[in-house]
Amino acid sequence: MALIFKGFKETILRLAPLLLLIYICISEFHTQFYYWEIFSFNLQFIIIYYWILRDPSILGYGFVFLCGLTNDVVLSLPLATSAMSYLFVSLVAAYVRNATVRTSLFTDWFTFVVAIIIGNFLYFFLMNNFANANLEYSSVFYNSLFTFLFYPVFWGIFELYKKLIFVRSNA
Amino acid sequence: MATSRDDFGIAIRSALLQRGAKQKFSLFVLILLSIFIFSLDNADLKPVKVLRSLINDGVYRISAISSSPIKFSGSTKDFFVNHIFVYKENERLKTELDELKSKNYETLYLKTENDRLQNVLKLEKESPYKVVNAKVILDKNSPYLNSIIVNKGGNSGIKLGMPVLNQGFLVGRIVEVNFTSSRILLLNDLNSRIPVVISPEGYQAILTGSSKTKPVLQYLPENFKLGDKENLIFTSGKDGVLFPGIAVGKAIFEDDSVLVKLFSDPDQINFVSIALEQQADIGAR
């Protein structure tokens with residue numbers, strides 16, 4: 001019984017990043033705050049980039065794709081717009097994982113710039129050319145900037161969380 | 001040089017094709033699948049539209065359920081904040097009451113003036129529209145899009161482009177209709193464009209969303225200046241889609257541009273009325 005409970009706890013801990021990603025995509029969770037109108041960031045990019053880079057066994061590409069599709073439905077975007085931008089963020093993360101031996105916060109952070117640029121550029125291009133939506137360069141820029149600035153904060157939280165999973169599974 | 005290019009090629013190929021630990025699909029397959037779905041969705045095929053409509057209905061319901069903890073925490077916070085500040089609020093209300101008493105005569109005058117203006121604009125005190133009332137089930141904004149989802153759709157007679165009111169004021173228009181749900185594009189969305197008329201001068205303009213709480217008035221006449229009296233904004237109906245004379249907001253001059261303070265706060269909408277058609281006997285009443 002204790003073993004089953006331990007296994008259950010471990011599964012829940014390992015599923016948490018995925019559940020968080022699904023919840024953000026499907027719920028009313030806002031990453032834009034109106035008390036400061038230019039302030040918005042893309043938490044999905046941060047979650048995807050971190051977990052694909054640091055522990056891909058926790059976040060599968062298939063789930064990233066499904067979360068993208070769900071986000072498109074909820075926000076009424078052309079289907080697969082977010083999915084494509086998430087998958088390209090995953091691609092950069094997977095590339096960095098393959099190309100580097102030792103990673104640190106700074107290597108992660110600065111390679112994340114490439115992921116944000118590709119992800120947001122793709123989103124901007126698809127939205128402006130296929131969705132009849134007029135996105136402003138400035139809002140995409142601020143979104144990219146704040147996503148970049150917030151990465152170390154979430155990096156720290158996720159690192160602690162990863163250690164917690166590791167400690168639990170080895171206890 | 002050639003070695004570094006080879007390394008890049010190997011790393012990118014590996015990232016695209018390798019499935020790795022517990023990955024069921026490669027990125028390459030999923031990117032191809034995304035492009036396929038995106039093309040299908042953009043092809044505007046009827047079966048795809050019907051399928052998307054069904055998916056939308058399902059996902060919106062799930063989304064509404066999963067958002068309930070956020071809604072609950074928001075209302076709980078409001079409840080406590082209201083109770084903490086109840087004394088302060090009481091004092092403020094007393095002061096306001098005194099002010100309001102003194103303004104009673106002014107209000108009576110304004111009421112008469114308002115009645116007269118409404119007669120001029122052929123607005124009725126009762127809703128002049130046949131409406132369907134709907135509840136907001138989802139209020140998810142992206143950094144770029146401001147829209148809400150309501151629990152009534154094509155089965156209630158809702159069609160694309162219909163105006164949406166909150167307490168009698170325009171808040172947006174229908175941009176997506178599913179069987180049991182619809183999406184409303186709010187006036188402050190970047191893609192919202194509404195032809196309006198500025199009262200009392202009667203200038204024509206386009207109300208354009210700016211992703212901020214106050215939309216902007218564009219295409220104003222040259223040397224336009226706001227009048228000394230209140231500059232109220234109504235729909236002009238020039239687009240042939242929205243009904244004319246729906247109150248929208250009040251024009252104000254801010255940040256070197258003419259903005260509109262909406263009568264209905266887009267962040268505080270819980271119920272809306274979708275105007276299906278204008279009552280035929282409006283003139284007879």
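The values are calculated or read from the model by the stated rules, or taken from the named source; none is laboratory data. Here the structure is a predicted model, which is why all the values come from computation and not from measurement. Virtual Cβ from ideal backbone geometry, glycine too; neighbours counted across all protein chains shown.
Overview of results
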item	result
Filtered residue count, the range B:24-64, keeping only those that are polar (S, T, N, Q) and surrounded by fewer than 20 Cβ atoms within 10 Å (Cβ to Cβ)	4
The range B:1-28 residues that are within 7 Å of chain A (Cβ to nearest Cβ) and over 13 Å from A:A93 (Cβ atoms), paired with ones that are at pLDDT below 75 and assigned to a helix (DSSP H, G or I) (beta carbon under 6 Å, 6 or more apart)	none
Subset of the range B:44-62 that is without any contact (Cβ under 8 Å) to a residue 60 or more places away in the chain and of a type in the set (A, V, I, L, M) - its residue that is nearest to the other protein chains (Cβ to nearest Cβ)	B:V59
Any hit, the range B:161-178, residues being modelled with pLDDT of 80 or more, part of a loop (DSSP other than H, G, I, E, B) and farther than 30 Å from A:S139 by Cα	yes
B:S63 within 30 Å of A:L69 (Cα to Cα) and at pLDDT 80 or above	yes
Listing of strands (runs of 3 or more DSSP E) fully contained in the range B:186-285 that carry 1 or more residues being of a type in the set (S, T, N, Q)	B:193-199, B:203-208, B:216-218, B:232-235, B:257-262, B:271-278
Helices (runs of 4 or more DSSP H) lying entirely in the range A:41-138 (those with 1 or more residues that are more than 9 Å from chain B (Cβ to nearest Cβ) and surrounded by fewer than 20 Cβ atoms within 10 Å (Cβ to Cβ))	A:43-54, A:61-75, A:105-130
Selection count, the range B:212-235, where residues are among the aliphatic types (A, V, I, L, M) and in contact (Cβ under 8 Å) with a residue 40 or more places away in the chain	2
